[in-house]
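Worksheet for the structure shown next.
The values are calculated or read from the model by the stated rules, or taken from the named source; none is laboratory data. Since this is a predicted model, take the numbers as computed values, not measurements. FYI the Cβ positions are ideal-geometry reconstructions off the backbone, even for glycines, and counts take in every protein chain you see. All accessible areas refer to the heavy atoms of the entire protein, side chains included, with ligands and DNA or RNA removed. Shrake-Rupley method; radii C 1.70, N 1.55, O 1.52, S 1.80 Å.
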Amino acid sequence: MGVRPLVEGEKLLSLTAVVYQRGDTAGQLLAAISLLPLVLVVGLATCILCRREVHTCFFLLGQLLTELLNKALKETLRQPRPADAPADDYGMPSSHSQFMGFFAAYYCSFALSRLGHHSRLEVVGSCLMSCAAALAVCYSRIYLSYHTVGQVVAGSGLGIACGLVWRCLAVAVGPRLFPAIEGTGWARRFHLHDASTVDNVFVSAAGAARQARARKRS
């Protein structure tokens with residue numbers, strides 16, 4: 001199943017297959033906002049490559065698993081998208097909404113657990129931003145006629161539930177699982193490490209950089 005041919009007045013956002021009405025500035029903005037799941041996947045993968053942190057790998061794994069769950073549910077429920085949707089595959093639940101619900105729920109739960117070691121503005125501000133981004137993506141799927149309200153609500157609700165369950169799993173098994181992964185040969189080879197016990201990774205990284213610079217100067 002693919003995207004239906006464009007009709008007069010519609011414009012395809014290059015490389016994304018997101019359709020919006022020509023001349024609709026709000027639709028163009030929302031089409032760009034609907035790309036946030038892709039941006040976040042790239043961002044998480046970049047964090048893994050740059051920081052080599054086990055917990056980030058666990059986070060990304062959860063995001064990918066919830067996408068597989070979404071595909072399975074769509075093929076099981078087989079509920080069509082709205083009649084005027086610019087796509088002809090199944091729409092229940094909304095995968096974009098489910099993705100963003102998972103991300104916002106997991107990130108907020110994790111960030112709030114660090115409230116004692118980071119500034120309140122940093123933690124609360126980033127949580128509000130993640131929730132606002134999730135709401136914007138959900139709204140974009142309705143505005144652009146890709147999903148019904150029910151499909152978006154179902155997707156976001158399922159994503160939030162999965163995100164909280166995955167976060168609970170991280171809290172329950174992480175203290176044993178993450179160090180065990182860190183101790184494997186392949187993890188040492190690629191410098192994967194467990195920083196989940198570090199109170200503030202920014203302070204730790206900055207301190208390590210200063211110490212390394214001081215050793216080189218001495």
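Each row is one residue, and each column tells you yes or no for (1) assigned to a helix (DSSP H, G or I); (2) of a type in the set (Gly, Ala, Ser); (3) within 20 Å of residue 48 (Cα to Cα).
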residue: 153; (1), (2), (3): yes, no, no
residue: 162; (1), (2), (3): yes, no, no
residue: 166; (1), (2), (3): yes, no, yes
residue: 186; (1), (2), (3): yes, no, yes
residue: 207; (1), (2), (3): yes, yes, no
residue: 210; (1), (2), (3): yes, no, no
residue: 213; (1), (2), (3): yes, no, no
Practice prompt. Output the number of residues of the range 56-86 satisfying the condition of being crowded, with 18+ Cβ neighbours inside 10 Å, outside any helix (DSSP H, G or I) and small (Gly, Ala, Ser).
Written response: 1
Worksheet entry | Only one of 49, 115 that is assigned to a helix (DSSP H, G or I) and surrounded by fewer than 20 Cβ atoms within 10 Å (Cβ to Cβ) | 49
Worksheet item: Listed residues 136, 105, 132; which is among the small types (Gly, Ala, Ser), within 18 Å of the chain's Cα centre (by Cα) and under 22 Å from residue 170 (Cα atoms)?
Response: 105
Worksheet entry | Selection from the range 31-43 of residues that are in a helix (DSSP H, G or I), open to solvent by less than 20 Å² (accessible area, probe 1.4 Å) and closer than 17 Å to residue 101 by Cα | 37
Fill in: Output for the range 172-200, where each listed residue is without any contact (Cβ under 8 Å) to a residue 24 or more places away in the chain and under 25 Å from residue 131 (Cβ atoms)
172
Fill in: Enumeration of residues in the range 137-148 that are open to solvent by less than 30 Å² (accessible area, probe 1.4 Å) and either of a type in the set (D, E, K, R) or not in a loop (DSSP other than H, G, I, E, B) (or both)
137, 138, 140, 141
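Given the condition open to solvent by 40 Å² or more (accessible area, probe 1.4 Å) and within 26 Å of residue 29 (Cα to Cα), answer yes or no: does some residue in the range 121-128 qualify? Spell out how you get there, then give the answer.
Restricting attention to the range 121-128, the residues satisfying the condition of being open to solvent by 40 Å² or more (accessible area, probe 1.4 Å) are 121-122, 124, 128.
Applying the additional criterion that residues be within 26 Å of residue 29 (Cα to Cα) yields 124, 128.
Scanning the range 121-128 turns up at least one residue that is open to solvent by 40 Å² or more (accessible area, probe 1.4 Å) and within 26 Å of residue 29 (Cα to Cα).
Does the range 87-112 hold any residues that are open to solvent by 50 Å² or more (accessible area, probe 1.4 Å) and not in a loop (DSSP other than H, G, I, E, B), and which are they?
If we filter the range 87-112 for residues that are open to solvent by 50 Å² or more (accessible area, probe 1.4 Å), which is where we start, we get 88-89, 107, 110, 112.
Result: 107, 110, 112.
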